[in-house]
Amino acid sequence: MDSITTPSDRKHMCDGRACHLIAEEEVSHIRFFSHVTLSKGQEIKYHEHHGEYEIYYILSGKGAYSDNGVETIVKAGDVTYTKSGKGHSVKSLGDEPLEFIAVIVVE
């Protein structure tokens, strides 16, 4: 794949909730680089990261983000960071879908 991709290049990499912006095998240390959309009430359940960390950059909507059980509201422009050995979850709130970029970096 070329160093620049377009949405049409990535159509095969979308699974309904996440559209993977870069394939895992293309970039070392990046396991997941995706545009995620959660409709009202949809969530990514609590999970932990080991040997990797995850960053969310919120593009639009509003969500309830749990960082190791401490809940906060996230909105456009917010960035979350989950270190290795820690866990998180996120749930879409409101009528507008929660959209964010999710990046998992392997240590």
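The values are calculated or read from the model by the stated rules, or taken from the named source; none is laboratory data. Note that the structure is predicted; figures quoted are calculated from it, not measured. Neighbour counts run over all protein chains shown; Cβ positions are idealised from the backbone, glycine included. Remember, those area values only see protein heavy atoms, side chains included, never the ligands or the DNA or RNA. Shrake-Rupley method; radii C 1.70, N 1.55, O 1.52, S 1.80 Å.
The largest accessible area among ILE101, ILE58 belongs to the first residue in ILE101, ILE58, and the rest follow in falling order (1.4 Å probe, all chains).
Subtract the Cα-Cα distance of TYR46 and GLU71 from 0.36 nm times their separation in residues, and report this length gain in nm to one decimal.
Numbers: separation 25, 0.36 × 25 = 9.00 nm, distance 1.16 nm.
This chain segment gains 7.8 nm when fully extended.
Of the whole protein surface, GLU107 contributes about 130 Å² of accessible area at a 1.4 Å probe radius.
Distance between the pseudo-spin-label points of ARG31 and ASP78 (7 Å out from Cα toward the beta carbon): 2.4 nm.
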